[in-house]
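Here the structure is laid out as structure tokens; the discussion comes afterwards.
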Amino acid sequence: MTLAFPRPESGFLGQYQDYASALTDAPETYHLAVGMITMATVMEGRLRIPFGAGDIRPNLFMCLMGESSLDRKSYSMSIALNRLLLSFEGLNL
């Protein structure tokens, strides 16, 4: 089963997909998921949504599923990890 997601044309997710797609032949849905994970990592729990008596702190959980070695799951994640480590000194990963 293949899931289709609209490809972001602008903003961070669109730019990240362009960047990562140029480095590997992994499915674009991996780059979208990893881009979202990257954004959530950089926010480090700072996003709060007012709700009732308190705030909601949204969490994001992703799982990359695919064929072993063929779909480049680990490499897709390492692209983002390397960018994060280069961009944010002292980021708590």
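The values are calculated or read from the model by the stated rules, or taken from the named source; none is laboratory data. This structure is a prediction, so every number in the text was calculated from the model and none was measured. Cβ sites come from the backbone with ideal geometry, for glycine too, and all protein chains shown count toward neighbours. To get the accessible areas, we keep the full protein, side chains included, count just its heavy atoms, and leave off ligands, DNA and RNA. Shrake-Rupley method; radii C 1.70, N 1.55, O 1.52, S 1.80 Å.
Examine region 54-71 for a residue that is touching a Gly at 6+ places or on another chain (Cβ under 8 Å), among the charged types (D, E, K, R) and part of a loop (DSSP other than H, G, I, E, B), and state whether such a residue exists. Outline the logic, then answer.
Within region 54-71, the subset touching a Gly at 6+ places or on another chain (Cβ under 8 Å) is 57.
Still in the running and among the charged types (D, E, K, R): 57.
Now drop any that are not part of a loop (DSSP other than H, G, I, E, B), which leaves 57.
Yes, region 54-71 contains a residue that is touching a Gly at 6+ places or on another chain (Cβ under 8 Å), among the charged types (D, E, K, R) and part of a loop (DSSP other than H, G, I, E, B).
Got a sec? Which of GLY52, GLY45 is of a type outside the set (D, E, K, R), open to solvent by 70 Å² or more (accessible area, probe 1.4 Å) and out of contact with any Leu (no Cβ under 6 Å at 6 or more places or on another chain)?
Details: GLY45 fails: open to solvent by 70 Å² or more (accessible area, probe 1.4 Å).
After ruling out the rest, the residue left standing is GLY52.
For ARG57, indicate whether it is open to solvent by 80 Å² or more (accessible area, probe 1.4 Å) and touching a Pro at 6+ places or on another chain (Cβ under 9 Å).
Details: open to solvent by 80 Å² or more (accessible area, probe 1.4 Å): yes; touching a Pro at 6+ places or on another chain (Cβ under 9 Å): no.
For ARG57, the condition - open to solvent by 80 Å² or more (accessible area, probe 1.4 Å) and touching a Pro at 6+ places or on another chain (Cβ under 9 Å) - is not met.
Quick one: in region 1-41, which of the residues that are of a type in the set (Phe, Trp, Tyr) and surrounded by fewer than 16 Cβ atoms within 10 Å (Cβ to Cβ) is modelled with the lowest pLDDT?
From region 1-41, those of a type in the set (Phe, Trp, Tyr) are 5, 12, 16, 19, 30; that's our starting set.
Add one more test, that the residue is surrounded by fewer than 16 Cβ atoms within 10 Å (Cβ to Cβ), and what stays is 5, 12, 19.
Values: PHE5: 72, PHE12: 90, TYR19: 93.
Residue satisfying both the conditions and the ranking: PHE5.
Check off (1) under 21 Å from LEU13 (Cβ atoms); (2) at pLDDT below 85 for GLY66 and give me the number that stays unchecked.
Of the numbered conditions (1) under 21 Å from LEU13 (Cβ atoms); (2) at pLDDT below 85, the odd one out for GLY66 is (2).
Confirm whether TYR75 is in a helix (DSSP H, G or I) and in contact with a Lys or Arg (Cβ under 9 Å, 6 or more places away or on another chain).
Details: in a helix (DSSP H, G or I): yes; in contact with a Lys or Arg (Cβ under 9 Å, 6 or more places away or on another chain): no.
So TYR75 fails the test.
State the number of residues belonging to region 23-53 that are under 21 Å from LEU84 (Cα atoms) and either part of a helix (DSSP H, G or I) or of a type in the set (Phe, Trp, Tyr) (or both).
Final tally of qualifying residues: 16.
In this structure, is MET62 in contact (Cβ under 8 Å) with a residue 12 or more places away in the chain and either surrounded by 14 or more Cβ atoms within 10 Å (Cβ to Cβ) or farther than 21 Å from TYR16 by Cα (or both)? Walk me through it before giving the result.
Working: in contact (Cβ under 8 Å) with a residue 12 or more places away in the chain: yes; either surrounded by 14 or more Cβ atoms within 10 Å (Cβ to Cβ) or farther than 21 Å from TYR16 by Cα (or both): no.
Judged against the criteria, MET62 is not a match.
List the pairs whose first member sits in region 76-87 and is free of Cβ contacts under 8 Å to residues at least 40 places away in the same chain and open to solvent by less than 40 Å² (accessible area, probe 1.4 Å), whose second member is in a helix (DSSP H, G or I) and not acidic (Asp, Glu), and whose Cβ atoms are under 6 Å apart, counting only residues at least 6 apart or on separate chains?
Hits for this filter: zero, empty list.
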